[in-house]
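Report on one structure; see the data block that follows.
Each value in this text was obtained by applying a stated rule to the coordinates, not by laboratory testing. The model shown is predicted, which means the values in this text are computed figures rather than measured ones. Ideal geometry is used to build each Cβ from the backbone, glycine not excepted, and the neighbour counts take in all protein chains shown.
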Amino acid sequence: MGIFVGFSLMMLLCALLNVVLVSLLPQIGVWLNILGALYMVFLAVHIFRSKPSEDNPGENNMNSFLVGFTLQFMNLKVILYGITIFSIFILPSYKDPIVASLFAPLLATIGFISTSCWAIGGHLFSNLLSRYYRIFNFAMAALLIYTAVASLL
């Protein structure tokens, strides 16, 4: 729950930051789109080059609301995700700050469901994914690059 609440708050802050930036400097929207596309390309390269990790069984004492909540404010990927989503997909259609901020809980819910599906799928298909990780990583990287290019068109 801490991750969900922290992520929701980060999405709200990203929405408001994007609205303010675009209203103060309308031409910054183009630069935010480019930044978002570059971030997606960075992620694609990172995914393409990654290898399966070794399982490290050990006790995890980090499962608390406060740890999950505060982690979202130190996670650069969450901040860049929020800036990217709002600048590329939401603000071109919804410039009102109230309407844009209503997307924050929706994005947090989608993120929570997606992360949960990713974790469950990763667990269920871990043997298959570790055996064919190059093909899977290539497909995921290609989809990210496609999304980055499509966001600029």
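Quick look at the numbers
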read-out: Angle in degrees between helix 2-24 and the longest Cα principal axis of the chain, rounded to the nearest 10; value: 30
read-out: Ascending count of other beta-carbon atoms within 10 Å, so fewest first, for 11, 140; value: 140, 11
read-out: The chain - Rg and Dmax from Cα coordinates, angstrom; value: 17.1, 50
read-out: Approximate spin-label separation residue 41-residue 5, in nm, with each point projected 7 Å along Cα-to-Cβ; value: 4.0
read-out: Least to most buried among 46, 123 (fewest other Cβ within 10 Å first); value: 123, 46
read-out: Contact order relative to length of the chain, as percent, for alpha carbon pairs under 8 angstrom and 6 or more apart; value: 48
read-out: Cα-only radius of gyration and Dmax that characterise segment 95-150, units Å; value: 15.8, 47
read-out: Solvent-free Debye scattering, log10 I(q)/I(0), computed from the Cα coordinates of segment 18-57 at q = 0.16 Å⁻¹; value: -0.56
read-out: Cα centre as origin, Lys/Arg/Asp/Glu Cβ charges: segment 5-103 dipole, Debye; value: 280
read-out: C-alpha long axis of helix 133-152 to longest principal axis of the chain, angle in °; value: 0
read-out: The chain: calculated mean residue ellipticity at 222 nm from DSSP helix runs of at least 4, using -39500 (n - 2.57); value: -25000 deg cm²/dmol
read-out: In degrees, nearest ten, helix 103-124 long axis to first principal axis of the chain (Cα); value: 10
